[in-house]
Amino acid sequence: MNNSIWISDLTHTTQGISAATFPLGASYVYSYAKEKVGKDFDFKLFKFPEDLSAELNKGLPKMLCFSNYSWNLELGYKFASIIKKADPNVVIVFGGPNFPTVENEMKDFLKEKSNIDFYIELEGELGFVDLIEKLAKYKFDKEKIKQDEVRIVNTSYLSKDKIIHGPVKRIKDVNTIPSPYLTGALDYFFDKPLIPMIETTRGCPFSCSFCSDGAMIKSLVTRYDTERVKEELEYIAKKVKNIDELIITDLNFAMYKQDLITADYIQDIQAKYNYPLLIGASAGKNLPKRTIEVAKKIKGWGIGGAIQSTDEEVLKSIKRSNISTDAYKELIAFGNTLEDGKTYTEVILGLPGDTKEKHYQSIRFGMDSDVNSVKMYQAMLLAGTHMSSNSDRDKFEIKTKFRTIPGALGIYEILTKKYPVAEIEEIIIAHKTLSTEDYLECRIMNLIVETFYNNAIFEEVFALLKALKISPMECIENVIKNRRNFDSKIKEIIKSFVFATTKDLYDTKKEANDIVLTEEIIKKYIGGDMGTNELLIHRALLFKEFDLTFNIIFDSAILTLKNNNKYTALVQEYVKELKEFIFLRKKGTIEKKEMKTKGKFCYDFEAIHDKGYFVDPNFLKKNKKPSNVNFFHGAEQRKFIDNQLKLYSTHAVGIGKMLQRTNLKMMFKKFKVSN
């Protein structure tokens, strides 16, 4: 008797591991179902399409289930379609946030993806178990269930031409879900180059229209027991291999009192295992003082906040309010006091009501708030968000294009045959207040900010400007204005970026699929000739030209100082030494071969470093006799760099992704005065 139920949270792998994280969400559904109905069914959990394909060659399951996100919908659906064709009796189930919220759009989705028998929305655990129990009651006659219009918790399906919805429920106590870590459900994935994830709360009290977690039903926040969280953290730290990062999936980490207890546990784990060195977590936008309390306890967490825009009209359009400016700056100021602190803000280009000027102002706000990274994203229309609804599209006259998601495509073997698959996303390129020309200029600005400002690559230069009361954005704008005078190599990289930004865009999703999935074209995508993440690829290309970008930023900084009548003789002397200091410390940051260097400096850069390079050279002591300074990578630094290179070498955009995600401050050479 076939009683196999397989759950898959697939990632593309042809160009490297696209979603290089543990399948945490699917593992909760797996663990809950296994506890409730595990005596009657055999459950299996999959992440990699190659593993799923190998098992399918041995035999088909009774139920085949897939997580649905924007980065894996088509991959899962291709498997589902081939299996449904091989055996129509296999029950195909999808679940996840990448699903419309408007009735007629839900219906259109299920008609288009007609091989999906049932779609589970919201929290999957309750709906999945209820579906299994209803199917068992009907002896897995799914057509009879549809005919009888059986209501299944959190589940929608088509019955003839009508969409049937079950009652909407949320788990009142998330602790009834067995831990996928402590039960060993995720052990297999510790041997893979994947980042562990942990959830300590569920739900979000906010209602942003661009986010699928903004739905009212998700506003209730529930929490796992602190002792369970402690045990999971210990378990992960013991099992992890050559991975330095941990992702906390909470939507508003450090906003609640219990997060202080979680921080205590992380602090203990870090002291005991030297893990995690990096923590990825989205901070709550309220209660910045509590966020600071949490950040004081743990190491490696980049503190910041997603403002998306500083413009009130834009925020109103997306139903969002931001943290107060004073509270935000207090949070960032604290983050910058931490050793190797990485602070950030997030800005989205192309939100309804946005303009070029508003986008630049949002970037300026981040810089003037002293963040060392401004993360810039393109506005995407995601299924399940209000912004993707027809009403918002019409209201704001939104113009979009379709493109492949970088790294989320490939050719996969299913039941011994190979099939091309590509994930397609919809991005905003214009609307009634943002022209396509201004959109492109904003994208060029994003590349310049990513290259010259983000991740503290030239933080010393911008700290000098701030000390002299000059906004870093003024310097960045001078980089843009002077781009006609760049070296030919840099010009070619920017030209390539502009071309990549405007090519490989399609008017409809069908057109994108029809073209991308042809044998000739998909091979170009796989080979990297088309469909790359243009921002990260070109950021990496510019990083490799360090000598040239280094000179560009200093030329722009000097021009900015001159324009503000701040380029005094004392400032000139300091800039001359600062230039050599940065070059020796940061050139060859990620080279595998150690590059020890030396320099002589009259300024005390150890003291200047302790001040965050925030110094006014007009009042800075300069020694008459220069000191010798040695630059080097420590042993722990070398190990960290090696682990980061290994992790991101599996990703389609490799170095570019690493430069964006990791903390470069932990990679820059250490230095020591030697007399």
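The values are calculated or read from the model by the stated rules, or taken from the named source; none is laboratory data. All of these numbers come straight from a predicted model, not from anything done at the bench. Counting neighbours? That spans all protein chains shown, and the Cβs are built from the backbone with ideal geometry, glycine included. Please note that ligands, DNA and RNA were not included when accessible areas were found on the heavy atoms of the full protein model with its side chains. Shrake-Rupley method; radii C 1.70, N 1.55, O 1.52, S 1.80 Å.
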What are the ³J(HN,Hα) couplings of segment 236-245, residue after residue, when phi is run through the Karplus curve with 6.51, -1.76, 1.60 and θ = phi - 60°? Round to Hz, x for glycine and proline. 4, 4, 6, 8, 5, 9, 6, 10, 9, 10
For residue 304, other-chain or 5+-apart residues with amide H closer than 5 Å (H placed, Pro excluded) are 283, 344
Here the gain from full extension of residue 191 to residue 57, 0.36 nm per residue of separation minus their alpha-carbon distance, amounts to 45.9 nm
Not counting ligands, DNA or RNA, and with a 1.4 Å probe, what is residue 201's accessible surface area in Å² rounded to the nearest 10? 10 Å²
Pairs 44/239; 375/669; 342/665: which exceed 18 Å Cα-Cα? 44/239; 375/669
Quote the accessible area belonging to residue 260 in square angstrom, nearest 10, computed with a 1.4 Å probe and with ligands, DNA and RNA left uncounted. 40 Å²
As a test, work out the antiparallel percent of DSSP beta bridges whose residues both lie in the chain, rounded to the nearest 5. 45 percent
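For the ranges 22-33, 518-529, what's the packing order if you count other beta-carbon atoms within 10 Å of each residue, average per peptide, and put the highest first?
Ranked by mean Cβ neighbours within 10 Å, highest first: 22-33, 518-529.
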Equivalent-ellipsoid semi-axes (√(5λ), Cα gyration tensor) for segment 536-675, whole Å, largest first? 30, 20, 11
When the Cα atoms of segment 335-460 are enclosed in a convex hull and the volume is divided per residue, what value in Å³ results? 165 Å³
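Using alpha-carbon pairs under 8 Å, 6+ residues apart, how would you state the relative contact order of segment 420-518 in percent?
Working: 37 pairs, mean separation 39.8, N = 99.
About 40 percent, as a whole number.
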No solvent, one uniform scatterer per C-alpha: report log10 I(q)/I(0) for segment 473-578 via the Debye equation at q = 0.22 1/Å, two decimals. -1.16
Residues whose placed amide H lies under 5 Å from that of residue 627, excluding near-sequence neighbours: 601, 602
List the aspartates and glutamates whose Cα sits under 20 Å from the Cα of residue 137, skipping any in the same chain fewer than 8 residues away. 35, 40, 42, 117, 125, 148, 149
Find how many whole Å separate the alpha carbon centroid of segment 357-405 from the alpha carbon centroid of segment 427-493. 17 Å
Quote the accessible area belonging to residue 609 in square angstrom, nearest 10, computed with a 1.4 Å probe and with ligands, DNA and RNA left uncounted. 70 Å²
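How long is the gain from residue 627 to residue 491 if the chain were fully straight, where each residue apart is worth 0.36 nm and the alpha carbon distance is subtracted?
Details: separation 136, 0.36 × 136 = 48.96 nm, distance 3.84 nm.
Answer, rounded to one decimal: 45.1 nm.
Take the alpha-carbon positions of segment 243-378, form their convex hull, and give its projected area averaged over all directions (one quarter of the hull surface) in nm².
Details: hull surface 32.6 nm².
That works out to 8.1 nm², a quarter of the Cα hull's surface.
State in Å² the accessible area per residue of the chain; use a 1.4 Å probe, count heavy atoms of protein chains only, and round to the nearest integer. Please list the in-between numbers first.
Values: 28410 Å² over 675 residues.
Per residue, the chain has 42 Å² of solvent-accessible surface.
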The chain: C-alpha pair distances exceeding 47 Å, %: 18 percent
Under the rule of -39500 (n - 2.57) per DSSP H run of 4 or more residues, summed and divided by the residues of the chain, what mean residue ellipticity at 222 nm is obtained, to the nearest 500 deg cm²/dmol? -13000 deg cm²/dmol
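Dividing the alpha-carbon Rg of segment 1-118 by 2.2 N^0.38 Å yields what? Display every interim value, and only then the final one.
On the way: Rg = 14.1 Å, N = 118, 2.2 N^0.38 = 13.5 Å.
That works out to 1.05 for segment 1-118.
Write down the Kirkwood hydrodynamic radius of segment 544-625, to one decimal in angstroms, obtained as one divided by the mean of 1/r over all alpha carbon pairs. Could the numbers behind the result be given before it?
Working: mean 1/r = 0.0707 Å⁻¹.
Averaging 1/r across every pair of different Cα atoms and inverting gives 14.1 Å.
On a full-extension model of 0.36 nm per residue, what is the gain between residue 108 and residue 293, subtracting their alpha-carbon distance, rounded to one decimal in nm? Please list the in-between numbers first.
Working: separation 185, 0.36 × 185 = 66.60 nm, distance 4.74 nm.
Full extension from residue 108 to residue 293 adds 61.9 nm.
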How big is the convex hull of the Cα atoms of segment 251-312, per residue, in Å³? 79 Å³
The chain, relative contact order in percent, only Cα pairs under 8 angstrom and at least six apart counted: 12 percent
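Out of all Cα-Cα pairs in segment 329-407, roughly what percent, to the nearest whole number, are more than 13 Å apart? Display every interim value, and only then the final one.
Numbers: 2257 of 3081 pairs.
Of all Cα-Cα pairs in segment 329-407, 73 percent lie more than 13 Å apart.
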Separation in nanometres of the label points that stand 7 Å from Cα toward Cβ, at residue 221 and residue 484: 5.2 nm
State the percentage of accessible surface on segment 226-385 attributable to carbon and sulfur atoms; use a 1.4 Å probe and exclude ligands, DNA and RNA. 49 percent
Given backbone amide H placed at 1.01 Å from N, residues whose amide H is under 5 Å from that of residue 347, ignoring those fewer than 5 places away on the same chain, are 308, 375, 376, 377
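GluC sites (Glu not before Pro), restricted to segment 586-674: which are DSSP loop and have at most 13 other Cβ atoms within 10 Å?
Details: sites: 591, 594, 606, 636; in loops: 591, 594.
Listed in order of number, the matching sites are 591, 594.
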Compute the distance in nm between two label points, each set 7 Å from the Cα along the Cα-to-Cβ direction, one at residue 159 and one at residue 397. 4.5 nm
Pseudo-spin-label distance residue 596 to residue 638, built 7 Å along Cα→Cβ, given in nm, is 1.0 nm
HN-Hα J couplings of segment 165-182 from phi, Karplus 6.51/-1.76/1.60, θ = phi - 60°, integer Hz, Gly and Pro as x? 10, x, x, 8, 9, 10, 6, 6, 10, 5, 6, 6, 7, x, 5, x, 6, 5
